[in-house]
Every structure is written in C-alpha cells, then in structure tokens.
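Peer 1: First the structure, which I've put down as structure tokens, then a few questions once you've had a look.
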Protein chains: 2
Amino acid sequence: MTNETHRTHDPDAALRAALYPGSIAIIGASDNPNKIGGRPLVYLERFGFTGEVYPVNPSRPLTLGRRTFPDLASLPQVPDMVIVAVAGQAAVEAVQEAATRGVKVALVMASGFGETGPAGRAEEQKMVAAARAAGMRIVGPNTQGLANFGNGAVASFSTMFIETPPAVGPVGVISQSGALSVVPYHLLRTRGIGVRHSHATGNDADVSVCELATVVAEDPELELLLLYLEGIPDPWNLAKAAAIARRRGMPVVALKSGRTPAGQQAAMSHTGALANEDRVVDAFLEQHGILRVQTVNELVESADLYLKGWRPRGRRLVAISNSGAVCVLAADAATAAGLPMAKLADDTRARLGRILPGFATTANPIDITAALLTNSNLFGDILPVIAADSAADAFLIGVPVAGAGYDVDAFARDSARFAADTGKPIVVAAPQASVAAKFTERGLSVYTTESDALRALGHFLAHCELIERVAQRPPPLPVPPSRSAGAPTMLNEADSLALLARAGLPVVQHRLCVDADQAVAAWRAIGGPVAVKGCSSAVAHKSELGWVHLKVDGEAAVRAACAAIDAAAQAARVPLDGLLVAAMTGGRRELMLGARVDPVFGPVVLVGDGGRYVEAMPDVRVLLAPFDETQVLRELRRLRIAPLLDGVRGEPPLDVAAFCAAAVALGRLMAERAAGVVNVDVNPLMVGAQGEGCVALDAVVYRADGSIGERVA
Amino acid sequence: MTNETHRTHDPDAALRAALYPGSIAIIGASDNPNKIGGRPLVYLERFGFTGEVYPVNPSRPLTLGRRTFPDLASLPQVPDMVIVAVAGQAAVEAVQEAATRGVKVALVMASGFGETGPAGRAEEQKMVAAARAAGMRIVGPNTQGLANFGNGAVASFSTMFIETPPAVGPVGVISQSGALSVVPYHLLRTRGIGVRHSHATGNDADVSVCELATVVAEDPELELLLLYLEGIPDPWNLAKAAAIARRRGMPVVALKSGRTPAGQQAAMSHTGALANEDRVVDAFLEQHGILRVQTVNELVESADLYLKGWRPRGRRLVAISNSGAVCVLAADAATAAGLPMAKLADDTRARLGRILPGFATTANPIDITAALLTNSNLFGDILPVIAADSAADAFLIGVPVAGAGYDVDAFARDSARFAADTGKPIVVAAPQASVAAKFTERGLSVYTTESDALRALGHFLAHCELIERVAQRPPPLPVPPSRSAGAPTMLNEADSLALLARAGLPVVQHRLCVDADQAVAAWRAIGGPVAVKGCSSAVAHKSELGWVHLKVDGEAAVRAACAAIDAAAQAARVPLDGLLVAAMTGGRRELMLGARVDPVFGPVVLVGDGGRYVEAMPDVRVLLAPFDETQVLRELRRLRIAPLLDGVRGEPPLDVAAFCAAAVALGRLMAERAAGVVNVDVNPLMVGAQGEGCVALDAVVYRADGSIGERVA
C-alpha cells in the first residue's frame, strides 16, 4: 500500500489519473443504464466529461449509442483509466491486462473479493500484485466509484446522482463506503451546497481513502474536505492530506465510525478492517487539525459555516430571539456546544433598553419578545447596537415563529447586513421553511432549531481554534511503524527505573542489593523507613507474590523482609534478580503515566489519574509522541480530576509542571525509539505539591529488542 | 396558585372552561386579523368553534363582520371565557369586571405584568386576587393563548396557525412560552402528525402549565402529551397530570429548559421563575414516569413511535441496511442510544446466508450490500427470516440510497408487512425524501439518518421501560412543602447520631462525656483505640478547630486529647457540649449519604461516592423521598463508582444492601417530616464488605423547629 513499489511511473501521476483521466475505458459496458456497466457511460456524458470514453464489450458493436470495442487491445489508445465492471475472474484478468498495457489506474467495481474472506483476499492480492508490478494503481475492488464533478469524470454507478442531480461546488467527500460517499453529498445538495468530489474507494486494496485524500486535497477549487472512515490503516497518508489541506487553509472534517465496541465489530464484518483504538484516533485527528464528528448530520451541518469564510476569534455567543423560551433553550444549547454566553457592555444594554419594550430582556440572550409582531423594525434597530459591542464572537438569531403580520424580509435583510458589518459567524434557527428560505436567500446559514444551529456553530468554532493551534505547532508526519523484531521483553524494576532515569524521568532513590547485608547497608544509606521489594524480570505483579514490604525500618526489619521475599520466591519458584531497597517517598497524589506503541499510530503516552482503580474507573487521556508540556497540560485539564490539580479544600496545587516534564521525557523516549521501548507503566508516579516535583516509585518497561539496560548500583 | 381559594365554583369546571368554553367574549376585538384582538376571531371561525363568540369593543358596531358589543354588560349571556386583548390598566379592569359578572375563565394576552418587575407583578396579583375572590380562573397574562383544535376553541393569536394549518390529531402540547407551544406543533405537523392541543399559559399567574396539563390529560382523544417547562413551581399538579396520563396509558414527555447555569439565568430573565435544581427535576420527572428530553427535536421526534401503539418488551436492536457503513454507524448510534445489538440465532444466520450473496453480512447488523440494486427481492426474502427470530425487540432499516433501478415500493411494502407481522417497533433511516415518502405512505416511522432514528427509538424504548417501572410502583402525590417555622438549628454530633440511630441508621458506637474521666471510662468500655472529638451544636467543621483526635489509645492519650480539645475550644471561644468518644471503625469505602428539603420538590436524599473530593468531583444521585431499596440500588448503579460496588481487583463486594437500607431509613425520616429534620449530612458513612454492614461515623443534622433530641448516654 506504500508508494515505494511503483518504480516505472510517477506514482502520484497514476493516482491523479483516478480523478483527472484523459480517457476512460469501461470493461463490461452495458446497455442498461441501471447496471454498473451502464451508469458510468450515462454519467460521463451527462456530467460533461470531455475526454475519450471507450465502452468495451465483445458482444456488441454499440453501447448506449457509443462505438464499442471488443477488448482493450482494440482501443485506439491506451486509456488512462479502466473501469472494471465485470465480475470475478474476468475482473482479475481485466486488471492484469490493463496493467500490462500501461493503464494508469483501474477502478474495480466488482465485489466478492477481500470483503468475503481469505479466498477473495487472495484474488484481490493477485490484482494488486499485477498492478504494482506495472506501476498501475487500483481503486477498489468493491467500489461504487469516483465522481469528480469538476471535470465530469464521474466513474460511478451510484443511484444518487440520478436522484439528486449534482451542482459543482467547493466541497469534497471521500469514503470507503459507497453509501457514505453519496449520503453527505445528498445532504449537502439538499442544503443548497455544491459538491465537487464524491468518491468511494471500496476495499482499499491499493488506493486508500487517506491516500486519495492527498490528491483530492490538492484540487485548487476545493474549500472543504469531508471524510468517512471505517478504519485508518495508513495514518501517514491522512497526515499528508491534512498537511496539504492546512497549507491551503482548507478544513478537514472526519466521521470515523467504529467508535463503540458494537460499531467496531460491525466494521470488522463490513471491511475486515482491524479496529483502531478509538481514543488514539481522537488524539491523532486532533493532532493533525482534523475535526472528528459523530454522525452524518454533524459531518455536513457545519459545511455552510466553513464556506462563508468567517475568521472567528473566540467562542462567546450572543443569542437574539423574539421568544424568551428560545433564549433559554439557546443558552442551554450553547453550554452543551461549548459556547459561553458573552457579557454585553452596560452601555450596549442601556441602548438596547431604549429601543426594546420594557418587558424585553437586554441581557444576553436578548429577548425581543412578541413585540416584534407589532414592530418589525425592532430587529433592524437593535442589531447595529449589538454589532458595536466587541463582547461577542458569534451570533444566533432565533425566529421560532413568523409569517403573516411579520416583515420577515426585513429581518433577513437586517440580519444579512449585520453579518456583513460584524464579519462574525452567525447562525439562524428558523423551524418554518418559509422563514428559513428568506434568510437562506440572504446568504445566511439556517438551521431548524437553536440546538442544531449551535451544535453546528460549536463544531465550527472549536475547529477554527484547533486549526489555529495546529498551525502554530505543525505535527510531525508519522512514519509507518516498523514491525518489532520479536516478542517484547520485560525489564525488572531496577532496569526499568534506570532506563526511565536515563530518559530524564525522576525516579525514587533506590539500590538493587544481592543479599540482606547489602539491603541493610542500603537502608542505612537512604535513612529512615524504606520499601524492600523483590526484583525480577519474570514478575510484573510483585505484591501478589508478597514481594512488596513497605515502611520497613531497622536492621532486623530489613533482614526479615529480605528473608520473606527470598522464601516467597523459592515457594513460587521464581528467580530473583535481587532485592530492591527504595526510599519511602510521599506526595500528594498518585497519577498515571504510561506508554505503548500503537500498531498503526505508533508511540502513544497515557496520562491520567492513578491509584487502585485506574482500570475500573479510567480517567485517562492519550497523547501521540512526541509532544510538549503545553499539550500535556491541555490533556490534564480534560481529566475528571482536573479540579484537583489546582488544589481543593485548602490543599496546595500539585506540581503539574513536574508531571508535564516527566510525560514529555517519556514521549521523547518513545518517539525516538532508540531504546527499543514498546511499553511503559509507571505505577505509581507520585506527584507532590507545587515545587516538590514528582517521582516514579515503581515502573515496568518492555523492550522489543530484549536487551537489558545498565544496572543502577 | 392552589385550588383552595376557589370556593364559589367547582374550580375544575372553571379550568375546564379554558379548553371547552361554551361561549367566548373578546375584550378589545380588532378588525385587523393580524392583531391580537383580531386573530382569535378569525381562528374561532376558521377552525370550527360552534359556541357563541362575542366581540367587545365600544368603538364599533361590527368587527370582522360580527356584531360587536360595547362592554361585557351588554352581552346576551355571561360568557364562559373572556379573551382580554386590551393592555395595561384596561386589562386589569376587564379581568375585574369579568370576575364580578361570573365569567369562568379569563385569558389575558396582554404583556407588561409579572415579567417586567415588581410593579407589573403587583398589577398581576391584583387581577389574580379579583379572580380568586369570584372563583374565576386566569390564564396568563402574557399568553399567546390556548388552542383546542378538537372543538375549535382556538383562543390564540399565534401566527403559526396561519402558516402551518392545523390537522386534528392525538398529540397535545402545553408550554408557558408561546413559541414553544407552536414550534413543536409545527414540527409535528411537518412530520404529518395531527395536533389536538397547543396551549401557552404565559406568566402562569394563576393557571400553570402543570395545572392545565391535569385538564388536558383528561381529553379522551389525546394519546401523547408534550410539555415545555421553564420552571416547575407546582410539582403536585404535574404529578397529578402524570397520574391521570398513567391511568389512561398516555405517555408524557417534557422538555424542561434551564438545565445549565446559563439557561437558568436566561429563564430567570424570561419568566422570573426561580431556578429548579436540575438533578432534582431529573429525579422528579423520572419518578412520575415522564421522559425528560433535551431539545425541541427530541420532544417531537419520537411522537410517531408512541402513536403506533407498539408494546416493546426490551431494547435489543436488529439493524438491516443495503450499506455496510450504515450498519457500522447504526451499531455506534445504537450504543449511544442505549440499545444493545441483538444476537441472532445460528439458524437465523444460516437461513440468511442461503438468501444473501456471499459477501453480505448475516450477523447483526445485517448488510444486504449493493446486491439490492440487482435483486430487489432481497428485502422481502430476508425480513420473514428475521421476524421469526425472537432475539430482537426493535428494528432499524437503513436505506441510505435508492431510486432508479431499485424497487423502493417493494422495500416499503415488505417492511410494513414485517412491522405488522412482528408487532415490534421499527424505524427507517432514509435521507432521500423520495425514498422516505414511500415508507411513510406505508405507515412506517422514517428519519433522515440512522442516528436520528435510533435516538428517537432509544428514547421511546427507554420511556416504555420507565412507564412500566412506574406502573409497578406508582409514586406518591407530592404535597406543597410547608414553609419552615424558623431558621434551622444545627444539632451537635451526639444529638445528630442519636436522631439518625432512632430513625434506623447504623451509627458508630460512641459516648458523650462531660470530662476526661468519663472519656477514659468510655475508652475502656469501647476497648482499643478510639476517636476523641469535641462536640458542639455551634461547630459544624470540627477538624478545622483541632477537635478531632483519631486512633487515641491509652489513658494518658485520652486525657491529652481531652485537654487539647478543651484548650482549642477556649482559644476559639466556642462552647463545648461535651467530649465524644467513639470507636474507630474501619470499612472498605466511604460513601456519601445526605438529605435536604428542596423548596419545591420536598425531601430528597443524596447518595454517592464519599471522601474528600465530594464537592470537587461530585459523583452523586438524587432520590425523592420516600423510596425503597430497589430504587437506591438503581441510582447506585448509575454512579461512576458503580464498578467498585461489586469489588474489583480481588476486593470483596461492598455491603450495598446495608447502604440501601440506611438510605431508605433516611428517606423515610425525611418523608415523614416528623422530627422536623431539614438537612442531614452523614460524613463519612463507612461501608464494609458484603455482610459487614455500614456505619455512620459522623453526622450533622439540622432541624427546622430547633428542638434538641435526646442525648445518647
């Protein structure tokens, strides 16, 4: 699936031919416009494709009125693209022949390959191997096709383009699934938004959604890219697409399904894709400035706002309605959408008070009241006053009911002027189609209810903030993770702590001792009560073996602890690497710090609350390594225990800076991969009050290469 | 706002006249059909009101073609209802005159009263007083009006009924807000659902939303009642309405706004309503079987399912689609909606496998694949197989794309037959209007996307479960809380523990001592280490004064603790009621148990996680007292710490039964109100392992009457 095997052609040129073919042959062309071999013929003509189109079918001289060729060999030229509309073995053979003849890209519509099981997967791999050998790219199999309305290259058999005619516009949709390439298209078209690209990549045997996105993102006419993803096997392609989009100032929104176990199971049945760990997906998409949404509605509902070209500076909302109830619902919905209500200046409120009737509300949200029915100028009168107040970053106008007796035209005109004057995002909530139409005509973004409108606005504003943040600190391009050489090896506690200490993490003062005499010496050197623990690379859960003795003080006690550990080791027949004597270090709270290598996304670090119930009641965030202190802090602030960081009930704040530094050090260790570390569990990481630092009291590290680090004496 | 003052008439008869008036006079009748004095005249005629209608206006003989009277006195009869469409002082006078003349109900449309401040509130109270003296009821002021389409009594000036013409149907909508009485109406009508009642009560100066609901709920033609509430000042009326609805098998759904601080602030500006504590509202609505939803969309989107008359038995879902991606999204959305995916029988899967193509998925969700395009019978072939499997309680059919080449008529017909055969709820997700229309025509409930459909289905199924649960244990009708006689008095720890012990809560073994000698004797009697604490009804936070000494053992230590407490009391100049010596009782986890009297909803009990951070990271549920063990257990299972109840990481389960019994005892104490207890904080309540019980280690009780309980010797 990587590009390295495409040596004969420029691989990107072959891929670009999928969207911008000069000529297209249809293997298995059909006279029936509702068959997969017929529809592309109809679409290419209907939607204005200007290149050559060659129907291929040995059984007829004409297909839907076009001259038809018996085979690829008979064509007057080698086509850039072949659409493979035949099934089974015929499809495999068509791909092989196309590859041999120098075709750039084959679009394989037939299903019955990788999605059916091992036999189908083998056939699919045969096609891919033939294509790779010749430098040809494959889209599919099991794809509904690609549709570039910009040049009419609509190589698709989707029914949707008959039912909902296209209008070329600034939005692109890419999906593995055929349905999810056209449902967003349909919903956008229904909202009056033009779509330029609507592509389905099917089984992604060669070209994946993410790789196709790298080419679509380069279309200079595109302004918004929407993705439906069931699996992300190649995050490096998605990161590349995101980087291209970022350079161009184009937002990317992704609906990644399989966010629940039930969804992941269904995805496995559907595409056979391995499940991605959902919180890692969250972290990855955020790192690359891609907004993740949860539903198809959310995928499309903010599109209008992106396309207006707003440049919002914050999230503070002002809501205005002729209904007090809509004001209340808007305030609730704003909170749910992460939008604080702006505080209007006293002067603004005084000026509003002089315009609005006495029973209206001049505080935000602003309730014009039903007085609007008797005075349609109220909107036009108050909007300039509100525009003059810098408190707001965005606006909602709610018109739950209007019609006879209201000058809705004037409301819409006044609102549009207001939007132009302020240059700030504005959403309108108007359940009545007749009212909505008036606002839409004036170029405003209209939703049925305040909650729909504010969810869309909230996503948009959050995404603008995210894009800003990512622009200031562009993420590294991930590389495909290398396969580990063998089974990972666990290091014992001493080696684990030593490795972490070398990486810059603060670890507890400790000594590895060979016998009780050394242990007693260590206790004297450390001073005061110590922990005495059995140390072995064969045991991850020491306390279950009775190997952990805490608050041990005095020579006799140390010797007794050592003897108990020795006895327990012999009883359990587990080899002891030594006896670890460590200082008893206090602190304010145990936090959690861990790391591992995600098979797809690479090294990740986990930060969160610590203690006994980390697994039963997880309160954890994931960071993709490497990262800096600011990023750790942002994730800590998202934890449930965030209030404790600053100290509550008279407690001093925790040393968050020390924790962040430790997390960053761990992230660096994981990202560099120098030490071959594949898994780290610091348990516990004891964090002190501000200025007191933090310290790893115990740790387990796994390395892929099995080498053992130096001992700490 | 209670009924007790209506002595002259049957108060319910007066209230019923608001919905079923025999005759209506309009004070301030207008010739302009877009004015508030004109519209009701138009509507009463247009929507078929058959009673007498009397326009009243001294300045003209005819209004919109109807004979007009100069004043109430000139009418040929005393009307059942007057619509007051004049403003300010004229409205007050009109109400006074109507009351004097024996009118049953006055609908006051004018605004400028209670919602504007103290002066307006005084005027409003004047109207209410006049009405009460005469047994007349008032709806409003500041109301858009009442609309009963069942009899044409549409006493409303809403623009909506012009814009979206009514169709009489089985749904009723009641709202304080005018807009929120007609937006649900509009959205229901747009979905093809008929509406019978659409009422706005305005300022609720006399008749509240909840009281009106008690009358609306009795309409035998009604099948579903939707409420928009900004405040619930009279839960007893809502409980009565819920009880009536329950008796009739009619579901009640409520959108209660002001669920966030921003929303509550806006609600206060809008209606001047005191904020209800949101989690108490949750508990109250649930107790009475009312489903609470968060948005206007949610208020209406399940209506169609209620009206189908399904009798669901569970929540297990089967999803079927011609798109694998919709299957995956449906599984995600089902999880979000609380619907587990049903596990189909092996035999069902085998039978499906014989019908569907090899690359289709026979596991639930069932992916028919695009093969549907070539074989439109697949739907009709598989549905009977699925119907025969008892695993499912409900179904989703997702048709993301269809049209040319598909036999959508057949899909819809087959689906409708399937629904009839199974008698189980079914929702359809079809984004294309043309496809949706085919399914709607066949009587199925259609939504745009799978997430919309499953949210609606999830709410419906959850509500059916709730209704079932409430039917088995009907809640008590709440009574208006009595005002407390004076400021509550705090009891000292000994009195607090004694009171709780008498109520049946297990409390720690302890003695109240007058001096160190008694304390030493108490230590000896208890045996082993004890807690020695200062005891005073003047101090709630003992540890801050240095009054809490734990693990005190030995005579000298006990005497030292007593001396230290004495010294601290003298230094702080706080009177000591005595020295409390208590056993040191261990346990597995501190839980939280508290109680207070909500000013509106009455006594509530709080259960949750305990410890230092109860306020910083609350994990608490609210129960309305009284309740039983089952109800406590259900709330405990909703806590974040629920996994700990059963024991994790080898821990034994907690003694949940003992905790439930303690909570029930506290609930009984609060509900009986015998002891005058208004506030209880058991902190901590130490819960042991299963069989070990639980014990209150400390407690603070407040009583309204100030009386002090007996001392525990």
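The values are calculated or read from the model by the stated rules, or taken from the named source; none is laboratory data. Remember, it's a predicted structure, so these values are computed and weren't measured experimentally. FYI the Cβ positions are ideal-geometry reconstructions off the backbone, even for glycines, and counts take in every protein chain you see. In case anyone asks, the SASA skips ligands and DNA or RNA and just uses the protein heavy atoms, side chains included. Shrake-Rupley method; radii C 1.70, N 1.55, O 1.52, S 1.80 Å.
Peer 1: I need the strands (runs of 3 or more DSSP E) fully contained in segment A:114-177, keeping only those with at least 1 residues that are surrounded by 21 or more Cβ atoms within 10 Å (Cβ to Cβ), over 28 Å from the mean Cα position of the chain (by Cα) and touching a residue at least 24 places away in the same chain (Cβ under 8 Å). Spell out the reasoning first.
Peer 2: Working: elements: A:137-139, A:145-148, A:153-156, A:171-175.
Passing ranges, in order: A:153-156.
Peer 1: Okay, moving on. Against the condition within 14 Å of chain A (Cβ to nearest Cβ) and touching a residue at least 24 places away in the same chain (Cβ under 8 Å), how does B:Gly380 come out, does it pass? Write out each step before concluding.
Peer 2: Working: within 14 Å of chain A (Cβ to nearest Cβ): no; touching a residue at least 24 places away in the same chain (Cβ under 8 Å): yes.
No; evaluated as a whole, the condition is false for this residue.
Peer 1: Something else now. Residues to consider are B:Arg612, B:Arg634; find the one that is open to solvent by 20 Å² or more (accessible area, probe 1.4 Å) and within 15 Å of B:Val682 (Cα to Cα). I'd like the intermediate steps shown before the answer.
Peer 2: Values: B:Arg634 fails: within 15 Å of B:Val682 (Cα to Cα).
One residue alone meets the criteria, B:Arg612.
Peer 1: Take segment A:340-376 and flag every residue that is facing chain B (nearest Cβ under 8 Å) and farther than 19 Å from B:Met109 by Cβ.
Peer 2: A:Pro340, A:Met341, A:Thr361, A:Ala363, A:Pro365, listed by residue number.
Peer 1: Could you pull out the residue among B:Ala516, B:Ala540, B:Ala522 that is small (Gly, Ala, Ser) and within 16 Å of B:Asn679 (Cα to Cα)?
Peer 2: On the way: B:Ala516 fails: within 16 Å of B:Asn679 (Cα to Cα); B:Ala522 fails: within 16 Å of B:Asn679 (Cα to Cα).
Exactly one residue qualifies, and that residue is B:Ala540.
Peer 1: Do you know which of the residues in segment B:402-427 that are small (Gly, Ala, Ser), over 30 Å from B:Ala254 (Cβ atoms) and open to solvent by 10 Å² or more (accessible area, probe 1.4 Å) is farthest from the other protein chains (Cβ to nearest Cβ)?
Peer 2: If we filter segment B:402-427 for residues that are small (Gly, Ala, Ser), which is where we start, we get B:402-405, B:410, B:412, B:415-416, B:419-420, B:423.
Keeping just the survivors that are over 30 Å from B:Ala254 (Cβ atoms) gives B:402-405, B:410, B:412, B:415-416, B:420.
From what is left, the residues that are open to solvent by 10 Å² or more (accessible area, probe 1.4 Å) are B:403-405, B:416, B:420.
Numbers: B:Gly403: 4, B:Ala404: 5, B:Gly405: 3, B:Ala416: 22, B:Ala420: 27 Å.
Ranking the qualifying residues of segment B:402-427, first place goes to B:Ala420.
Peer 1: Hey, can you tell me all the residues within segment B:428-477 that are more than 14 Å from chain A (Cβ to nearest Cβ), among the aliphatic types (A, V, I, L, M) and either in contact with an Asp or Glu (Cβ under 9 Å, 6 or more places away or on another chain) or surrounded by fewer than 22 Cβ atoms within 10 Å (Cβ to Cβ) (or both)? If you could, list the steps in order and put the result at the bottom.
Peer 2: As a first pass, look at segment B:428-477 and keep what is more than 14 Å from chain A (Cβ to nearest Cβ): B:428, B:439-446, B:457, B:459-477.
Next, from what is left, pick out any that are among the aliphatic types (A, V, I, L, M): B:428, B:444, B:446, B:457, B:461-462, B:466-467, B:470-471, B:477.
Residues satisfying the conditions are B:Leu444, B:Val446, B:Leu461, B:Ala462, B:Leu466, B:Ile467, B:Val470, B:Ala471, B:Leu477.
Peer 1: Within segment B:439-462, track down each residue that is of a type in the set (Phe, Trp, Tyr) and assigned to a helix (DSSP H, G or I).
Peer 2: The first filter runs over segment B:439-462 and keeps only residues of a type in the set (Phe, Trp, Tyr), leaving B:439, B:447, B:460.
Selection gives B:Phe439, B:Phe460.
Peer 1: State which residue is farthest from B:Tyr613 (Cα to Cα) when the search covers only segment A:643-663 and only residues that are open to solvent by 10 Å² or more (accessible area, probe 1.4 Å) and in a helix (DSSP H, G or I).
Peer 2: A:Ala661
Peer 1: Would you say B:Ala106 is of a type in the set (A, V, I, L, M, F, W, C) and surrounded by 15 or more Cβ atoms within 10 Å (Cβ to Cβ)? Walk me through how you get there before you give the answer.
Peer 2: Working: of a type in the set (A, V, I, L, M, F, W, C): yes; surrounded by 15 or more Cβ atoms within 10 Å (Cβ to Cβ): yes.
Against the criterion (of a type in the set (A, V, I, L, M, F, W, C) and surrounded by 15 or more Cβ atoms within 10 Å (Cβ to Cβ)), B:Ala106 qualifies.
Peer 1: Another one. Would you check which residues across segment B:36-57 are farther than 24 Å from B:Glu163 by Cα and among the hydroxyl-bearing types (Ser, Thr, Tyr) and list them?
Peer 2: Within segment B:36-57, B:Tyr54 is the sole residue that qualifies.
Peer 1: Where the second residue is of a type in the set (Ser, Thr, Tyr) and surrounded by 15 or more Cβ atoms within 10 Å (Cβ to Cβ) and the first is under 11 Å from B:Val539 (Cβ atoms) and lies in segment B:561-583, which pairs have Cβ atoms under 7 Å and are six or more apart or on separate chains?
Peer 2: Matching pairs, first to second residue: B:Val574/B:Ser536; B:Pro575/B:Ser536; B:Leu576/B:Ser536; B:Asp577/B:Ser536; B:Asp577/B:Ser537.
Peer 1: In segment A:339-389, what count of residues is obtained for those that are part of a loop (DSSP other than H, G, I, E, B) and aromatic (Phe, Trp, Tyr)? Spell out the reasoning first.
Peer 2: Going through segment A:339-389, the residues part of a loop (DSSP other than H, G, I, E, B) turn out to be A:339-340, A:342-345, A:356-360, A:362-365, A:368-370, A:375-377, A:388-389.
Next, only the ones that are aromatic (Phe, Trp, Tyr) stay: A:359.
Looking only at that region, the number is 1.
To keep it simple, each residue is scored yes or no on (1) within 19 Å of A:Val574 (Cβ to Cβ); (2) in contact with a strand residue (DSSP E or B) (Cβ under 6 Å, 6 or more places away or on another chain).
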site: A:His510; (1), (2): no, yes
site: A:Gln518; (1), (2): no, no
site: A:Ala525; (1), (2): no, no
site: A:Gly528; (1), (2): no, no
site: A:Val532; (1), (2): yes, yes
site: A:Ser543; (1), (2): yes, no
site: A:Gly546; (1), (2): yes, no
site: A:Glu555; (1), (2): no, no
site: A:Ala561; (1), (2): yes, yes
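Peer 1: Now for a different question. In segment B:184-194, which residues are open to solvent by 10 Å² or more (accessible area, probe 1.4 Å) and part of a helix (DSSP H, G or I)?
Peer 2: Answer for segment B:184-194, where residues must be open to solvent by 10 Å² or more (accessible area, probe 1.4 Å) and part of a helix (DSSP H, G or I): B:His186, B:Leu187, B:Arg189, B:Thr190.
Peer 1: Here's something else I'd like to know. Out of all the residues in segment A:408-438, which are polar (S, T, N, Q) and part of a helix (DSSP H, G or I)?
Peer 2: Going residue by residue through segment A:408-438, those that are polar (S, T, N, Q) are A:415, A:422, A:432, A:434.
Within segment A:408-438, A:Ser415, A:Thr422, A:Ser434 qualify.
Peer 1: Provide a single number: the residues in segment B:42-70 that are touching a Phe, Trp or Tyr at 6+ places or on another chain (Cβ under 9 Å), part of a strand (DSSP E or B) and open to solvent by less than 60 Å² (accessible area, probe 1.4 Å).
Peer 2: 4
Peer 1: Still on this structure: Could you tell me which of the residues B:Pro626, B:Pro618 is of a type outside the set (A, V, I, L, M, F, W, C), more than 23 Å from B:Ala689 (Cβ to Cβ) and in contact (Cβ under 8 Å) with a residue 40 or more places away in the chain?
Peer 2: Values: B:Pro618 fails: in contact (Cβ under 8 Å) with a residue 40 or more places away in the chain.
On inspection, the qualifying residue turns out to be B:Pro626.
Peer 1: Let me ask something additional. Could you tell me whether any residue of segment B:71-90 is within 40 Å of the chain's Cα centre (by Cα), over 16 Å from B:Pro141 (Cα atoms), hydrophobic (A, V, I, L, M, F, W, C) and open to solvent by less than 30 Å² (accessible area, probe 1.4 Å)? Steps first, answer last, please.
Peer 2: Of segment B:71-90, the ones within 40 Å of the chain's Cα centre (by Cα) are B:78-90.
Add one more test, that the residue is over 16 Å from B:Pro141 (Cα atoms), and what stays is B:78-80.
Retained after the next criterion (residues that are hydrophobic (A, V, I, L, M, F, W, C)): B:78.
Then keep just the ones that are open to solvent by less than 30 Å² (accessible area, probe 1.4 Å); that gives none.
No: segment B:71-90 contains no residue that is within 40 Å of the chain's Cα centre (by Cα), over 16 Å from B:Pro141 (Cα atoms), hydrophobic (A, V, I, L, M, F, W, C) and open to solvent by less than 30 Å² (accessible area, probe 1.4 Å).
Peer 1: Give the residues of segment A:586-612 that are assigned to a loop (DSSP other than H, G, I, E, B), within 27 Å of A:Leu645 (Cα to Cα) and modelled with pLDDT of 90 or more, sorted by residue number. Show your work before the answer.
Peer 2: Looking only at segment A:586-612, we keep the residues that are assigned to a loop (DSSP other than H, G, I, E, B), and these are A:586-588, A:599-601, A:610-612.
Those left that are additionally within 27 Å of A:Leu645 (Cα to Cα): A:586-588, A:610-612.
A:Gly587, A:Arg588, A:Gly610 - these are the residues of segment A:586-612 that are assigned to a loop (DSSP other than H, G, I, E, B), within 27 Å of A:Leu645 (Cα to Cα) and modelled with pLDDT of 90 or more.
Peer 1: Let me ask you something else. Considering each residue of segment B:513-524, count those that are surrounded by fewer than 24 Cβ atoms within 10 Å (Cβ to Cβ), of a type in the set (A, V, I, L, M, F, W, C) and touching a residue at least 12 places away in the same chain (Cβ under 8 Å), and give that number. Before the answer, list the steps.
Peer 2: Keep residues of segment B:513-524 that are surrounded by fewer than 24 Cβ atoms within 10 Å (Cβ to Cβ), which gives B:513-518, B:520-522, B:524.
The next check asks that each one be of a type in the set (A, V, I, L, M, F, W, C); those that pass are B:513-514, B:516, B:520-522.
Checking the rest, the ones that are also touching a residue at least 12 places away in the same chain (Cβ under 8 Å) come to B:513-514, B:516, B:520, B:522.
Number of matching residues: 5.
Peer 1: Taking the stated definitions as given, is A:Val108 closer than 21 Å to B:Ala360 by Cα, under 35 Å from the mean Cα position of the chain (by Cα) and away from chain B (no Cβ under 13 Å)?
Peer 2: Values: closer than 21 Å to B:Ala360 by Cα: yes; under 35 Å from the mean Cα position of the chain (by Cα): yes; away from chain B (no Cβ under 13 Å): yes.
Taking the combined requirement at face value, the residue satisfies it.
Peer 1: List, please: which pairs have Cβ atoms under 9 Å, are six or more places apart or on different chains, and start with a residue in segment A:194-208 that is over 9 Å from A:Gly178 (Cα atoms) and end with one that is basic (Lys, Arg) and open to solvent by less than 10 Å² (accessible area, probe 1.4 Å)?
Peer 2: A:Asp206/A:Arg137; A:Val207/A:Arg137
Peer 1: Which of the residues that make up segment B:525-555 are part of a helix (DSSP H, G or I), touching a residue at least 12 places away in the same chain (Cβ under 8 Å) and not β-branched (Val, Ile, Thr)?
Peer 2: B:Ala525, B:Lys542, B:Leu545, B:Glu555
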